[in-house]
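J.: My structure is below; once you've seen it, I'll send some questions.
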Amino acid sequence: MPQVKVDPFPYFVLENVIDPATLDAMLEHWPDDNFVPDIPGQYFCDLKGPVVADELREFWRGIRDGLVNDIAGILMRNFAPWIEARYPHGPEMTPQRIWLMQSDPGFLGHNVHTHHYHAPNWCGTIVLFLDEDAGGHHGTSVHRHAVTDLDSQAKLAAGRRWQGHPEIELAEHVAYKQNRLLAFFDCPIAYHSVPPAPDSTSRRRIFRMHLAMPNSEIERIYGVTQEDYYALRMQYQDDPPTYVVEWMKRDIQEVRSVTPALLSETQPRS
């Protein structure tokens, strides 16, 4: 099995995560509609909402209640050291944004971004690739900030000008492959993207979910509500205020505080 990697942030890749019969059933029961736009050319169907057609609802309820718990357990076990460092008092995590996702042929990609700027209480993201034929679509790229001093990393993370930034470089590209799962610990430096696929012909179907702490944790850590945190972060692409940079510095240091030497040898625990 591949290792839990700590450079440039904690993430891992697992193969053959679900049994082939379940995967085939997911594709067979894939909704024909009920998808709403996410970013240009990409759509989602929220399995926590009443949007799946009646004849499919029971099937996807079973997926939501079974597969979600299994994957959540994998994520929590592998990211436990970082979760415990950030939330030592142990509030309860819950799945959020349990989505089916698909893209248009010719998908133009998703620029370099993190989730921390809008959801700093997320503890982890998973994407599970479903189609046998990627049809020209790509997987997900993991990026690093090439400048490693804490002040520089915090200042870049506190803004939002990441796409095309000369200090953001490719660390690894995780190719789209059926039944491959990519999971990463959400933090200020969890930069990732989806490359454009202008010649693609398929729908790039994906199962995606996040694990999150309660929104009250945002108020505990930053002293503002989730809404105010998001509004504040959206104000600045460059030159963020000093106190936001200090927030990012503290959060990055929390990730660094978990001993890499101990975890670089750790295998993902399925």
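J.: How large are Rg and Dmax for the range 173-224 when calculated on the C-alpha trace, in angstrom?
T.: 15.9, 46
J.: Considering only the other residues whose Cβ falls under 11 Å of the Cβ of Arg208, what net charge follows from Lys and Arg at +1 and Asp and Glu at -1?
T.: In short, 0.
J.: Please list, ordered by chain and number, the residues whose modelled amide H lies under 5 Å from the amide H of Leu47; skip anything fewer than 5 residues away on the same chain.
T.: The list, which skips near neighbours in sequence, is Ile98, Trp99, Leu100.
J.: Hey, what do the phi angles of the range 16-24 turn into as Karplus ³J(HN,Hα) couplings, whole Hz, using 6.51/-1.76/1.60 and θ = phi - 60°, x for Gly and Pro?
T.: Going residue by residue, I get 6, 6, 10, 5, x, 5, 5, 4, 4 Hz, with x marking Gly and Pro.
J.: Within 14 Å, Cβ to Cβ, of Leu232, how many net charges do the neighbouring residues add up to if Lys/Arg are +1 and Asp/Glu are -1? If you can, show how the numbers build up before the last one.
T.: Details: positive: Arg160, Arg233; negative: Glu219, Glu227, Asp228, Asp239, Glu246.
Net charge in that neighbourhood comes out at -3.
J.: With runs of 4+ DSSP H residues as the only contributors, calculate the mean residue ellipticity of the chain at 222 nm using -39,500 (n - 2.57) per run, divided by the residue total and rounded to the nearest 500. Provide the component values of the computation, followed by the final result.
T.: Details: 7 runs with 87 residues, N = 270.
Helices in the chain give a 222 nm mean residue ellipticity of -10000 deg cm²/dmol.
J.: Need one number: nm distance between label points at Leu150 and Tyr243, each 7 Å from Cα along Cα→Cβ, rounded to one decimal.
T.: 2.1 nm
J.: Suppose we flag GluC sites (Glu not before Pro) only when DSSP calls them loop and at most 10 other Cβ atoms lie within 10 Å. Which is the longest uninterrupted stretch of the chain? Please list the in-between numbers first.
T.: On the way: sites that count: Glu92, Glu265.
No qualifying site falls inside 93-264, the longest such stretch.
J.: Tell me which lysines have Cα within less than 19 Å of Lys177's Cα, excluding those fewer than 8 residues away on the same chain?
T.: none
J.: Once phi is turned into θ = phi - 60°, what whole-Hz ³J(HN,Hα) does the Karplus curve with 6.51, -1.76 and 1.60 give for every residue of the range 244-257, x standing for Gly and Pro?
T.: Per residue, the Karplus-derived 3J(HN,Hα) values read 5, 4, 5, 4, 5, 4, 4, 5, 5, 5, 4, 5, 5, 5 Hz.
J.: Considering the convex hull of the alpha carbon atoms of the chain, report its projected area averaged over all viewing directions, in nm², one decimal. Could you put the intermediate results ahead of the total?
T.: On the way: hull surface 55.4 nm².
Averaged projected area of the chain's Cα convex hull equals 13.9 nm².
J.: Can I ask one more? Check Gly139: other-chain or 5+ apart residues with amide H under 5 Å from its amide H, H built from backbone geometry?
T.: Hits under the 5 Å cutoff: Tyr176.
J.: Could you state the angle between the C-alpha long axis of helix 54-86 and the longest principal axis of the C-alpha atoms of the chain, as a value from 0 to 90 degrees rounded to the nearest 10?
T.: Helix 54-86 and the main axis of the chain meet at about 30 degrees.
J.: Turning to a different aspect of this structure: Net charge within 9 Å of Leu47 by Cβ-Cβ distance, Lys/Arg positive one each and Asp/Glu negative one each, not counting Leu47 itself? Each step should come with its number before you reach the end.
T.: Values: positive: Lys48, Arg61, Arg64; negative: Asp46.
Taking every Cβ under 9 Å from that of Leu47, the sum is +2.
J.: While we're on this one: Taking only the Cα atoms of the range 117-164, how large is their convex hull per residue, in Å³?
T.: On the way: hull volume 6.4 nm³, N = 48.
Considering the Cα atoms of the range 117-164, their hull volume per residue is 134 Å³.
J.: A further question follows. Using amide H atoms built 1.01 Å from N in the peptide plane, name the residues 5+ places from Phe107, or on other chains, whose amide H lies under 5 Å from its own.
T.: Ala197, Ser200
J.: Further question: Give the Kirkwood hydrodynamic radius (Å, one decimal) of the range 72-215, defined as one over the mean of 1/r across all pairs of different Cα atoms.
T.: Numbers: mean 1/r = 0.0618 Å⁻¹.
So the Kirkwood estimate lands at 16.2 Å.
A short reminder: the numbers here are calculations on the coordinates, not readings from a lab. Treat the numbers as computed from the prediction; the structure is a model and nothing was measured. Heads up, the Cβs are rebuilt from the backbone with ideal geometry, glycines too, and the neighbour counts pull from every protein chain shown.
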